[in-house]
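Where a number appears in this text, it was derived from the coordinates with a stated rule and is not lab data. Predicted, not measured: the structure shown is a model, and the values here were computed from it. Because the Cβ atoms are built from the backbone with ideal geometry, glycine has one as well, and the counts that use them run over all protein chains shown.
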Amino acid sequence: MSSTFKNLNVAESVISRAIYYKRANIKSLLGGGNRGGRLTIVYPAGQEIGYGFSRGSTQRISMRSVRIVIELKEYNGKPYYILTAFPTP
């Protein structure tokens, strides 16, 4: 499946909300010496945030959640960075 956010504003908003929602978990992992690991967050947005298509199909699928993979390594002076984020059904 390939997917995309509706637009940049929607992507930034839902990713920010997801990180805020999981902030305690992120802080706990960073404080526990888990540097170099990865954290996957799946966050239900509660509304359509994008759309996608299954391989070989022309049927548009509504995406209502986001999957974010965070790399728990320092980058540009920050304790972690977002490796990827994409909408999911």
request  = Filter the stretch 7-30 for residues that are without any contact (Cβ under 8 Å) to a residue 40 or more places away in the chain and under 12 Å from the mean Cα position of the chain (by Cα) and give the result.
outcome  = Glu12, Ser13, Ser16, Arg17, Tyr20, Tyr21, Lys22
ask   = Got at least one residue in the stretch 77-84 being closer than 18 Å to Met1 by Cα, touching a residue at least 12 places away in the same chain (Cβ under 8 Å) and in contact with a Phe, Trp or Tyr (Cβ under 9 Å, 6 or more places away or on another chain)?
value = no
